[in-house]
Amino acid sequence: MKYLNLFLLLLIATGLKAQEGIKFNKTTTWAATTAKSAEEGKLIFIDCYTSWCAPCKWMDQNVFTDPVVADFFNSHFINAKIDMEKGEGVELRKKYNVQSFPTFLFVNDKGEVIHRTASRMTVAEFLEEGKMATDPKRNLSFLSQKYESGQRDIPFVLDYFLALQKTNRNIGDPIGKDITERISLQELNSALGWKAIKALARTESDRLGAHFMANQTTYAAFATEVEREKLKDRLITSTMYGYMYSKNEKAFMDRLSYFKNSDNLDRRKQGIMLEADFYLDNNREADYIKITNAALKGDLKSDAEKLSFLARRADGKSGSNDRGTDNAKVLANPKILKQAYKLAKQAAVLEPEDYSTQSTFAKVCLTLKKKDEALVAAKKSRVLADAETSKIQKLAQELIDKIELL
């Protein structure tokens, strides 16, 4: 019993530590924060957020509470969580040119940005950004200085590109193009090459994508099979969207067999999504209805997320969106809208407590002027939106208001 009690106490202590997470705002003003930074010799970590930012909330709940993340950030930084639309946040947003949320700044006691990153990321990715910020030879400030001084070797430039991708694509994209053109075959067939291909390959036909597809076994030494297969799927999917946009049906259908004939359920699902999108984009309603009816009874019968996504796409393309350069409304296709309704309804049945599925069903019903069903789903989505951001709550209420006007 003594050991059991000790074990329970350890579990409770671990749980409390996890819940505690990153300790933010131990100071009340920006001046006090920079003063504390100077006093303790630590960088300031700023979580630049807004009240309506869903990825910000996701980071709060899934990353900032991680014990390893919390331990590292509490040990190495003065942590400040600042709403960029309130108080001092308004001026700091202007000063640091914060344009997306969340943005994460690592600033010294003089207010100079040492490292910068952004967007939702995993625990491992976020922790790596924190470690980069504390490393004087890896942070973005150092990399920028080295690049401006003329350093251009591929390993260095690739690290610089990866650091820029989350913060400044205008600078990063030309650097990525330079890497793609200059990286040697010897470098491509190494761990460095795998790192570059993961970051820069876009389709099966660009230089890095084509090299990977022709030499897949080479990368078994640098990446797991899951990682390699995931990249392969991404490259083929991007290639197929190129065929779709260029109206190359033969090439599209030939490559579709990779997904349709797979033993892997996720691949077959991706094939359904691609084929449905192709038929929808080409106004082939009979083929679209056939493939989605089969999916409802087959591989997608329990996948609320994908059924709801198909419904949104169908509703958007056939029902309510402005399309084309003349901004003329697309003429509603009753058969496609009826199918969107069927897909959305099944998704809502499968996941009745999911905001997205209920909201999608409500929107499809609104397009079809099914007021009673639309209102029930919209009100349900409004209740579920209370667990989301204020922006989502506003959208949910606006949907109810539109339906009530029917």
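Structure data summary
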quantity: Selection count where residues are open to solvent by 40 Å² or more (accessible area, probe 1.4 Å) and either on the phi > 0 side of the Ramachandran plot or in a strand (DSSP E or B) (or both), scope the stretch 25-80; calculated: 3
quantity: Per-region count, the stretch 181-204, residues open to solvent by 40 Å² or more (accessible area, probe 1.4 Å) and in contact with a Gly (Cβ under 8 Å, 6 or more places away or on another chain); calculated: 2
quantity: Every residue from the stretch 83-99 that is closer than 17 Å to ASP60 by Cβ and surrounded by fewer than 22 Cβ atoms within 10 Å (Cβ to Cβ); calculated: ASP83, GLU85, LYS86, GLY89
quantity: Which numbered condition LYS371 misses (of (1) crowded, with 18+ Cβ neighbours inside 10 Å; (2) modelled with pLDDT of 95 or more); calculated: (1)
quantity: Exclusive hit being among the polar types (S, T, N, Q) and within 28 Å of LEU105 (Cα to Cα), set ASN189, ASN168, ASN215; calculated: ASN168
quantity: Single unsatisfied condition, THR218 versus (1) in a helix (DSSP H, G or I); (2) among the β-branched types (Val, Ile, Thr); (3) in contact with a helix residue (DSSP H, G or I) (Cβ under 7 Å, 6 or more places away or on another chain); calculated: (3)
quantity: Selection within the stretch 316-341 - modelled with pLDDT of 95 or more, surrounded by 18 or more Cβ atoms within 10 Å (Cβ to Cβ) and farther than 24 Å from MET253 by Cα; calculated: LEU337, TYR341
quantity: Whichever residue in the stretch 205-236 is within 18 Å of LEU274 (Cβ to Cβ) and open to solvent by 50 Å² or more (accessible area, probe 1.4 Å) and, among such residues, is farthest from the chain's Cα centre (by Cα); calculated: SER205
quantity: Considering residues of the stretch 375-393 that are in contact (Cβ under 8 Å) with a residue 40 or more places away in the chain and assigned to a helix (DSSP H, G or I) only, the residue most open to solvent (accessible area, probe 1.4 Å); calculated: LYS391
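The values are calculated or read from the model by the stated rules, or taken from the named source; none is laboratory data. Keep in mind that this is a model prediction, so the values were computed, not measured. Reconstructed Cβ throughout: ideal geometry from the backbone, glycine too, with neighbour counts over all protein chains shown. Keep in mind that these areas ignore ligands, DNA and RNA; they rest on the heavy atoms of the full protein, side chains included. Shrake-Rupley method; radii C 1.70, N 1.55, O 1.52, S 1.80 Å.
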